[in-house]
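Note sheet for the following structure.
The values are calculated or read from the model by the stated rules, or taken from the named source; none is laboratory data. Given the structure is predicted, the values throughout are model-derived calculations rather than measurements. All Cβ positions, glycine included, derive from the backbone under ideal geometry; neighbour counts span all protein chains shown. The accessibility values were calculated without ligands, DNA or RNA, using every heavy atom of the protein model including side chains. Shrake-Rupley method; radii C 1.70, N 1.55, O 1.52, S 1.80 Å.
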Amino acid sequence: MDSPWKSFWRGFLAQSPFLLGVVPFGLVSGLAAVKLGATPLLSACMSFIVYAGTSQLVAMELFAQGAPALVMLLAVLIVNLRLVIYSGALAPHFRGLGWGIKTLLSYALTDQTFGVTMIEYDRMDAAARKAAAGASGEGSGGPVANPTAPSVPSPESESAVRADPRLKAWFYAGTVAVMWPVWVAASTVGAFVGAKVPESWGLEFAMPLTFTTLVVPTLGRRGAIPAAVVGGVGGVLLANMPLGLGLISASILGILAGVLYEGWRKQHVMQRPGGKPE
Amino acid sequence: MNLWLLVILMGAVSLALRASMMAGLGDRELPEALRRALPFAPPAVLSAIVISQVLKTKEGLIDLGPGNERIYAWLIAAAVAWRTKNVVATLGSGMAALWILRALGL
(Lines give C-alpha, C1' and ligand atoms only; values in the text may rest on other atoms or scores of the structure.)
Protein backbone atom coordinates (compact mmCIF):
# COMPACT_ATOMS: atom_id res chain seq x y z
CA MET A 1 0.00 0.00 0.00
CA ASP A 2 1.27 3.45 -0.91
CA SER A 3 1.99 6.07 1.68
CA PRO A 4 0.39 9.55 1.41
CA TRP A 5 3.75 11.05 0.52
CA LYS A 6 4.32 8.53 -2.26
CA SER A 7 0.89 9.23 -3.70
CA PHE A 8 1.53 12.95 -3.55
CA TRP A 9 4.85 12.57 -5.30
CA ARG A 10 3.39 10.35 -8.02
CA GLY A 11 0.77 13.02 -8.69
CA PHE A 12 3.46 15.66 -8.81
CA LEU A 13 5.48 13.68 -11.36
CA ALA A 14 2.46 12.72 -13.47
CA GLN A 15 1.38 16.34 -13.82
CA SER A 16 4.80 17.85 -14.47
CA PRO A 17 4.98 17.31 -18.27
CA PHE A 18 1.86 19.45 -18.60
CA LEU A 19 3.85 22.49 -17.53
CA LEU A 20 5.10 22.82 -21.08
CA GLY A 21 1.58 23.87 -21.98
CA VAL A 22 0.69 25.65 -18.75
CA VAL A 23 3.60 28.09 -18.74
CA PRO A 24 2.93 29.66 -22.16
CA PHE A 25 -0.82 29.63 -21.52
CA GLY A 26 -0.32 31.36 -18.17
CA LEU A 27 2.02 33.94 -19.68
CA VAL A 28 -0.44 34.65 -22.47
CA SER A 29 -3.46 34.91 -20.21
CA GLY A 30 -1.71 37.35 -17.88
CA LEU A 31 -0.54 39.34 -20.83
CA ALA A 32 -3.89 39.28 -22.61
CA ALA A 33 -5.75 40.55 -19.58
CA VAL A 34 -3.42 43.54 -19.44
CA LYS A 35 -3.69 44.14 -23.21
CA LEU A 36 -7.47 44.03 -22.94
CA GLY A 37 -7.59 46.63 -20.22
CA ALA A 38 -7.00 45.15 -16.75
CA THR A 39 -4.26 46.42 -14.45
CA PRO A 40 -1.33 44.00 -13.98
CA LEU A 41 -2.26 43.50 -10.31
CA LEU A 42 -5.87 42.64 -11.13
CA SER A 43 -4.74 40.34 -13.91
CA ALA A 44 -2.38 38.49 -11.56
CA CYS A 45 -4.97 38.18 -8.79
CA MET A 46 -7.60 36.94 -11.24
CA SER A 47 -5.37 33.96 -11.93
CA PHE A 48 -5.65 32.59 -8.42
CA ILE A 49 -9.12 33.86 -7.58
CA VAL A 50 -10.72 32.34 -10.68
CA TYR A 51 -8.01 29.79 -11.52
CA ALA A 52 -9.62 28.85 -14.83
CA GLY A 53 -7.56 30.25 -17.69
CA THR A 54 -9.96 29.85 -20.57
CA SER A 55 -12.81 31.56 -18.79
CA GLN A 56 -10.46 34.34 -17.67
CA LEU A 57 -9.51 35.02 -21.28
CA VAL A 58 -13.12 34.92 -22.44
CA ALA A 59 -14.20 37.30 -19.69
CA MET A 60 -11.43 39.76 -20.55
CA GLU A 61 -12.31 39.60 -24.25
CA LEU A 62 -15.90 40.47 -23.34
CA PHE A 63 -14.69 43.22 -21.03
CA ALA A 64 -12.76 44.75 -23.93
CA GLN A 65 -15.95 44.64 -25.98
CA GLY A 66 -17.73 46.61 -23.28
CA ALA A 67 -19.96 43.77 -22.14
CA PRO A 68 -21.89 44.28 -18.89
CA ALA A 69 -20.94 42.28 -15.80
CA LEU A 70 -23.87 39.92 -16.12
CA VAL A 71 -22.85 38.85 -19.63
CA MET A 72 -19.28 38.28 -18.46
CA LEU A 73 -20.50 36.11 -15.58
CA LEU A 74 -22.77 34.19 -17.95
CA ALA A 75 -19.81 33.57 -20.24
CA VAL A 76 -17.71 32.31 -17.32
CA LEU A 77 -20.59 30.01 -16.41
CA ILE A 78 -20.86 28.56 -19.94
CA VAL A 79 -17.14 28.15 -20.48
CA ASN A 80 -16.71 26.49 -17.09
CA LEU A 81 -19.75 24.21 -17.27
CA ARG A 82 -17.42 21.37 -18.18
CA LEU A 83 -16.06 21.56 -14.63
CA VAL A 84 -19.41 20.17 -13.46
CA ILE A 85 -18.76 17.04 -15.52
CA TYR A 86 -15.29 16.69 -14.05
CA SER A 87 -16.65 17.26 -10.57
CA GLY A 88 -19.25 14.56 -11.09
CA ALA A 89 -16.71 12.08 -12.39
CA LEU A 90 -14.40 12.68 -9.43
CA ALA A 91 -17.11 12.68 -6.75
CA PRO A 92 -17.25 8.90 -6.16
CA HIS A 93 -13.48 8.78 -5.68
CA PHE A 94 -13.56 11.23 -2.80
CA ARG A 95 -16.58 9.73 -1.04
CA GLY A 96 -15.93 9.59 2.69
CA LEU A 97 -13.72 12.66 2.86
CA GLY A 98 -14.80 15.77 4.74
CA TRP A 99 -16.82 18.49 3.08
CA GLY A 100 -14.16 21.14 3.65
CA ILE A 101 -11.40 19.05 2.11
CA LYS A 102 -13.55 18.23 -0.91
CA THR A 103 -14.38 21.90 -1.45
CA LEU A 104 -10.72 22.81 -1.19
CA LEU A 105 -9.77 20.08 -3.67
CA SER A 106 -12.51 21.18 -6.05
CA TYR A 107 -11.18 24.75 -6.11
CA ALA A 108 -8.04 23.45 -7.84
CA LEU A 109 -9.92 21.37 -10.42
CA THR A 110 -8.61 21.97 -13.95
CA ASP A 111 -8.63 20.15 -17.28
CA GLN A 112 -5.08 18.99 -16.65
CA THR A 113 -5.59 17.77 -13.10
CA PHE A 114 -8.80 16.00 -14.10
CA GLY A 115 -7.11 14.23 -17.00
CA VAL A 116 -4.21 12.96 -14.93
CA THR A 117 -6.15 11.97 -11.82
CA MET A 118 -8.85 10.00 -13.64
CA ILE A 119 -6.24 7.84 -15.35
CA GLU A 120 -4.51 7.20 -12.03
CA TYR A 121 -7.75 6.49 -10.11
CA ASP A 122 -8.76 3.84 -12.63
CA ARG A 123 -5.40 2.22 -12.09
CA MET A 124 -5.63 2.48 -8.29
CA ASP A 125 -9.14 0.99 -8.26
CA ALA A 126 -8.06 -1.86 -10.51
CA ALA A 127 -5.18 -2.62 -8.13
CA ALA A 128 -7.54 -2.47 -5.13
CA ARG A 129 -9.96 -4.90 -6.80
CA LYS A 130 -7.15 -7.25 -7.60
CA ALA A 131 -5.96 -7.12 -4.01
CA ALA A 132 -9.49 -7.75 -2.75
CA ALA A 133 -9.97 -10.64 -5.14
CA GLY A 134 -6.64 -12.10 -4.12
CA ALA A 135 -7.46 -11.72 -0.45
CA SER A 136 -10.77 -13.53 -0.80
CA GLY A 137 -9.18 -16.40 -2.66
CA GLU A 138 -10.77 -15.59 -5.99
CA GLY A 139 -7.65 -14.36 -7.74
CA SER A 140 -7.35 -15.70 -11.25
CA GLY A 141 -3.81 -16.96 -10.90
CA GLY A 142 -2.34 -13.47 -10.96
CA PRO A 143 0.18 -12.29 -8.41
CA VAL A 144 -1.48 -11.82 -5.05
CA ALA A 145 -1.07 -8.20 -4.08
CA ASN A 146 -1.38 -8.63 -0.34
CA PRO A 147 -0.87 -12.22 0.79
CA THR A 148 -1.04 -11.35 4.50
CA ALA A 149 -4.56 -9.99 4.31
CA PRO A 150 -7.19 -12.08 6.09
CA SER A 151 -8.95 -14.30 3.58
CA VAL A 152 -12.45 -13.18 4.39
CA PRO A 153 -14.73 -12.81 1.38
CA SER A 154 -15.46 -9.16 0.71
CA PRO A 155 -19.04 -8.19 1.57
CA GLU A 156 -19.04 -5.73 -1.31
CA SER A 157 -19.39 -6.62 -4.95
CA GLU A 158 -16.10 -6.49 -6.81
CA SER A 159 -16.93 -3.39 -8.82
CA ALA A 160 -17.60 -1.46 -5.62
CA VAL A 161 -14.07 -1.99 -4.35
CA ARG A 162 -12.21 1.28 -4.53
CA ALA A 163 -8.80 2.44 -3.44
CA ASP A 164 -8.45 4.60 -0.33
CA PRO A 165 -9.97 8.06 -0.99
CA ARG A 166 -7.30 9.65 1.19
CA LEU A 167 -4.52 8.37 -1.07
CA LYS A 168 -6.49 9.61 -4.07
CA ALA A 169 -6.72 13.03 -2.45
CA TRP A 170 -2.96 13.01 -1.86
CA PHE A 171 -2.33 12.16 -5.50
CA TYR A 172 -4.67 14.97 -6.51
CA ALA A 173 -2.83 17.35 -4.17
CA GLY A 174 0.42 16.38 -5.88
CA THR A 175 -0.91 17.38 -9.29
CA VAL A 176 -2.15 20.67 -7.84
CA ALA A 177 1.25 21.34 -6.25
CA VAL A 178 2.62 21.48 -9.80
CA MET A 179 -0.22 23.27 -11.52
CA TRP A 180 -1.22 25.99 -9.09
CA PRO A 181 2.07 27.76 -8.32
CA VAL A 182 3.26 27.56 -11.89
CA TRP A 183 -0.01 28.86 -13.31
CA VAL A 184 -0.16 31.76 -10.86
CA ALA A 185 3.53 32.61 -11.35
CA ALA A 186 3.35 32.43 -15.15
CA SER A 187 0.28 34.63 -15.40
CA THR A 188 1.76 37.11 -12.93
CA VAL A 189 4.92 37.36 -15.01
CA GLY A 190 2.79 37.66 -18.16
CA ALA A 191 0.75 40.45 -16.60
CA PHE A 192 3.67 42.56 -15.47
CA VAL A 193 5.95 41.92 -18.44
CA GLY A 194 3.11 42.10 -20.95
CA ALA A 195 2.40 45.68 -20.01
CA LYS A 196 5.84 46.61 -21.35
CA VAL A 197 5.70 44.73 -24.66
CA PRO A 198 5.32 47.06 -27.66
CA GLU A 199 2.12 46.92 -29.69
CA SER A 200 3.97 46.07 -32.92
CA TRP A 201 4.85 42.58 -31.67
CA GLY A 202 1.23 41.60 -32.10
CA LEU A 203 1.32 39.49 -28.94
CA GLU A 204 -2.47 39.54 -28.59
CA PHE A 205 -2.39 37.03 -31.49
CA ALA A 206 -0.99 34.53 -28.98
CA MET A 207 -4.46 34.25 -27.47
CA PRO A 208 -6.28 32.63 -30.42
CA LEU A 209 -3.19 30.46 -30.89
CA THR A 210 -3.34 28.97 -27.38
CA PHE A 211 -7.11 28.59 -27.71
CA THR A 212 -6.54 26.66 -30.92
CA THR A 213 -4.45 24.11 -29.05
CA LEU A 214 -7.31 23.75 -26.56
CA VAL A 215 -9.91 23.20 -29.29
CA VAL A 216 -8.02 20.56 -31.27
CA PRO A 217 -8.12 17.74 -28.68
CA THR A 218 -11.88 18.29 -28.16
CA LEU A 219 -12.65 17.67 -31.84
CA GLY A 220 -12.30 13.89 -31.64
CA ARG A 221 -15.72 13.43 -30.12
CA ARG A 222 -18.63 12.78 -32.48
CA GLY A 223 -20.53 16.01 -33.06
CA ALA A 224 -17.68 18.21 -31.88
CA ILE A 225 -16.76 19.36 -35.38
CA PRO A 226 -20.29 20.56 -36.22
CA ALA A 227 -20.33 22.30 -32.82
CA ALA A 228 -17.02 24.01 -33.56
CA VAL A 229 -17.99 25.02 -37.12
CA VAL A 230 -21.37 26.45 -36.12
CA GLY A 231 -19.81 28.17 -33.11
CA GLY A 232 -17.03 29.66 -35.23
CA VAL A 233 -19.21 30.81 -38.14
CA GLY A 234 -21.85 32.04 -35.72
CA GLY A 235 -19.27 34.06 -33.84
CA VAL A 236 -18.37 35.88 -37.05
CA LEU A 237 -21.93 36.38 -38.32
CA LEU A 238 -23.16 37.59 -34.94
CA ALA A 239 -20.08 39.69 -34.19
CA ASN A 240 -22.13 42.89 -34.36
CA MET A 241 -24.51 41.93 -31.59
CA PRO A 242 -24.04 44.33 -28.69
CA LEU A 243 -22.73 43.57 -25.20
CA GLY A 244 -20.81 40.47 -26.20
CA LEU A 245 -24.08 38.62 -26.74
CA GLY A 246 -22.85 37.48 -30.15
CA LEU A 247 -20.29 35.18 -28.55
CA ILE A 248 -22.83 33.71 -26.14
CA SER A 249 -25.42 33.16 -28.88
CA ALA A 250 -22.85 31.58 -31.18
CA SER A 251 -21.74 29.26 -28.37
CA ILE A 252 -25.28 28.12 -27.66
CA LEU A 253 -25.94 27.55 -31.38
CA GLY A 254 -22.72 25.53 -31.60
CA ILE A 255 -23.68 23.37 -28.62
CA LEU A 256 -27.12 22.79 -30.16
CA ALA A 257 -25.50 21.77 -33.45
CA GLY A 258 -23.38 19.20 -31.62
CA VAL A 259 -26.35 17.75 -29.74
CA LEU A 260 -28.52 17.59 -32.87
CA TYR A 261 -25.79 16.01 -34.94
CA GLU A 262 -25.10 13.40 -32.28
CA GLY A 263 -28.81 12.58 -32.03
CA TRP A 264 -29.16 12.39 -35.81
CA ARG A 265 -26.14 10.11 -36.11
CA LYS A 266 -27.41 7.74 -33.44
CA GLN A 267 -30.79 7.41 -35.10
CA HIS A 268 -29.28 7.11 -38.56
CA VAL A 269 -26.92 4.33 -37.54
CA MET A 270 -29.54 2.45 -35.55
CA GLN A 271 -31.97 2.44 -38.48
CA ARG A 272 -29.52 0.65 -40.75
CA PRO A 273 -29.38 -3.03 -39.81
CA GLY A 274 -25.78 -3.35 -40.99
CA GLY A 275 -24.71 -0.13 -39.36
CA LYS A 276 -22.08 -0.39 -36.70
CA PRO A 277 -23.01 1.22 -33.39
CA GLU A 278 -20.25 3.82 -33.45
CA MET B 1 -19.31 47.40 -11.82
CA ASN B 2 -16.07 47.36 -9.91
CA LEU B 3 -13.70 45.00 -11.74
CA TRP B 4 -12.38 43.52 -8.50
CA LEU B 5 -15.85 42.61 -7.36
CA LEU B 6 -16.49 41.11 -10.78
CA VAL B 7 -13.37 38.96 -10.54
CA ILE B 8 -14.44 37.71 -7.11
CA LEU B 9 -17.87 36.83 -8.51
CA MET B 10 -16.21 35.02 -11.41
CA GLY B 11 -14.22 33.05 -8.87
CA ALA B 12 -17.38 32.26 -6.92
CA VAL B 13 -19.18 31.01 -10.04
CA SER B 14 -16.21 28.83 -10.97
CA LEU B 15 -15.89 27.38 -7.46
CA ALA B 16 -19.63 26.66 -7.31
CA LEU B 17 -19.39 24.68 -10.56
CA ARG B 18 -16.32 22.77 -9.40
CA ALA B 19 -17.68 21.93 -5.97
CA SER B 20 -21.19 21.17 -7.28
CA MET B 21 -20.86 17.41 -7.62
CA MET B 22 -17.76 16.73 -5.54
CA ALA B 23 -18.84 18.48 -2.35
CA GLY B 24 -22.48 19.37 -3.03
CA LEU B 25 -24.97 17.18 -4.83
CA GLY B 26 -22.95 14.06 -4.18
CA ASP B 27 -24.60 11.10 -5.84
CA ARG B 28 -27.28 12.92 -7.75
CA GLU B 29 -27.23 12.70 -11.55
CA LEU B 30 -27.17 15.70 -13.86
CA PRO B 31 -30.29 16.31 -15.95
CA GLU B 32 -30.06 14.28 -19.15
CA ALA B 33 -30.25 17.28 -21.50
CA LEU B 34 -27.46 19.09 -19.69
CA ARG B 35 -25.30 15.99 -19.63
CA ARG B 36 -25.63 15.61 -23.39
CA ALA B 37 -24.96 19.28 -24.11
CA LEU B 38 -21.95 19.82 -21.84
CA PRO B 39 -19.28 18.06 -23.90
CA PHE B 40 -19.98 20.39 -26.82
CA ALA B 41 -19.40 23.55 -24.83
CA PRO B 42 -15.60 23.62 -25.20
CA PRO B 43 -15.42 23.21 -29.01
CA ALA B 44 -18.35 25.59 -29.61
CA VAL B 45 -17.22 28.36 -27.28
CA LEU B 46 -13.53 28.15 -28.06
CA SER B 47 -13.89 28.12 -31.81
CA ALA B 48 -16.32 31.07 -31.68
CA ILE B 49 -13.61 32.99 -29.83
CA VAL B 50 -10.72 31.84 -31.99
CA ILE B 51 -12.34 32.59 -35.33
CA SER B 52 -13.56 36.04 -34.39
CA GLN B 53 -10.23 36.97 -32.78
CA VAL B 54 -8.37 35.94 -35.92
CA LEU B 55 -10.69 37.86 -38.22
CA LYS B 56 -11.23 40.97 -36.11
CA THR B 57 -9.23 44.12 -36.75
CA LYS B 58 -8.13 46.50 -34.03
CA GLU B 59 -11.26 48.52 -34.79
CA GLY B 60 -13.41 45.49 -34.00
CA LEU B 61 -14.50 44.88 -37.61
CA ILE B 62 -14.46 41.50 -39.34
CA ASP B 63 -11.74 41.40 -42.00
CA LEU B 64 -12.07 38.39 -44.31
CA GLY B 65 -9.96 40.05 -47.00
CA PRO B 66 -6.71 38.70 -48.44
CA GLY B 67 -4.85 41.55 -46.70
CA ASN B 68 -5.50 40.07 -43.24
CA GLU B 69 -2.19 38.33 -42.52
CA ARG B 70 -3.54 36.82 -39.31
CA ILE B 71 -5.67 34.42 -41.36
CA TYR B 72 -2.61 32.85 -43.04
CA ALA B 73 -0.60 32.79 -39.84
CA TRP B 74 -3.48 31.13 -38.02
CA LEU B 75 -3.99 28.49 -40.75
CA ILE B 76 -0.32 27.53 -40.40
CA ALA B 77 -0.57 27.41 -36.62
CA ALA B 78 -3.82 25.41 -36.75
CA ALA B 79 -2.13 22.81 -38.95
CA VAL B 80 0.74 22.61 -36.45
CA ALA B 81 -1.74 22.30 -33.56
CA TRP B 82 -3.55 19.51 -35.40
CA ARG B 83 -0.33 17.59 -36.04
CA THR B 84 1.53 18.14 -32.78
CA LYS B 85 -1.18 19.03 -30.20
CA ASN B 86 1.59 21.07 -28.63
CA VAL B 87 1.11 24.58 -27.22
CA VAL B 88 4.72 25.69 -27.62
CA ALA B 89 4.97 24.55 -31.25
CA THR B 90 1.64 26.16 -32.11
CA LEU B 91 2.50 29.46 -30.44
CA GLY B 92 5.96 29.50 -32.02
CA SER B 93 4.84 28.72 -35.56
CA GLY B 94 1.88 31.11 -35.44
CA MET B 95 3.81 34.07 -34.07
CA ALA B 96 6.76 33.43 -36.41
CA ALA B 97 4.40 33.27 -39.38
CA LEU B 98 2.73 36.52 -38.34
CA TRP B 99 6.02 38.36 -37.94
CA ILE B 100 7.41 37.06 -41.25
CA LEU B 101 4.22 38.00 -43.12
CA ARG B 102 4.28 41.47 -41.58
CA ALA B 103 7.97 41.93 -42.35
CA LEU B 104 7.32 40.95 -45.97
CA GLY B 105 4.64 43.62 -46.06
CA LEU B 106 1.85 41.28 -47.03
Quiz item: Does segment A:193-233 classify as rounded, prolate or oblate by the C-alpha gyration tensor (a ≥ b ≥ c root eigenvalues; a/c under 1.5 gives rounded; else a/b over b/c gives prolate, otherwise oblate)?
Solution: prolate
Exercise. From the C-alpha gyration tensor of segment A:48-95, pull out the three semi-axes of the equivalent ellipsoid (sqrt of 5λ each), sorted largest to smallest, in whole Å.
Key: 27, 10, 7
Quiz prompt | Set of lysines near residue A:130 by C-alpha distance (under 24 Å), chain-local residues within fewer than 8 positions excluded | solution = A:6, A:168
Quiz prompt | Efficiency of FRET from Cβ geometry, residue A:13 and residue B:57, R₀ 51 Å, rounded to 0.05 | solution = 0.65
Practice problem: Tell me, rounded to the nearest percent, the portion of alpha carbon pairs in chain B spaced more than 22 Å apart. | Solution: 56 percent
Quiz item: Once label points are set 7 Å from the Cα along Cα→Cβ at both residue A:221 and residue B:84, what is their separation, rounded to one decimal in nm?
Solution: 2.7 nm
Quiz item: Across chain A, how large is the tail of the calculated P(r) beyond 26 Å, expressed as a percent of all Cα pairs?
Solution: 56 percent
Quiz prompt | Solvent exposure ordering (accessible area, 1.4 Å, most first) of A:166, A:82, B:18 | solution = A:166, A:82, B:18
Quiz item: What are the radius of gyration and Dmax of segment A:157-197, computed over its Cα atoms and given in Å?
Solution: 18.3, 61
Quiz item: What do you get when you divide the Cα radius of gyration of segment A:33-141 by 2.2 N^0.38 Å, with N the number of residues?
Solution: 1.52
Quiz item: Given 0.36 nm per residue, what is the gain on full extension from residue A:266 to residue A:77 after removing their alpha carbon distance, in nm?
Solution: 65.2 nm
Exercise. Using only alpha carbons, build the gyration tensor for segment A:174-262 and give me the equivalent ellipsoid semi-axes, biggest first, whole Å.
Key: 30, 21, 12
Exercise. Taking H placed 1.01 Å from N in the peptide plane, check which residues at least 5 places from residue B:56 or on another chain put their amide H under 5 Å from its amide H.
Key: B:63
Quiz prompt | Helical contribution to [θ] at 222 nm, DSSP H n ≥ 4, -39,500 (n - 2.57), averaged over chain B, rounded to 500 | solution = -21500 deg cm²/dmol
Quiz prompt | Distance (nanometres) between label positions extended 7 Å along Cα→Cβ at residue A:95 and residue B:102 | solution = 5.5 nm
Practice problem: Give the ranking of A:61, A:204 by solvent-accessible surface, highest area first, calculated with a 1.4 Å probe. | Solution: A:204, A:61
Self-check item: Computed lengthening from residue A:48 to residue A:240, 0.36 nm per intervening residue step minus Cα-Cα distance
Solution: 65.9 nm
Quiz prompt | Contact order normalised by residue count of chain A, Cα under 8 Å, 6+ apart, percent | solution = 30 percent
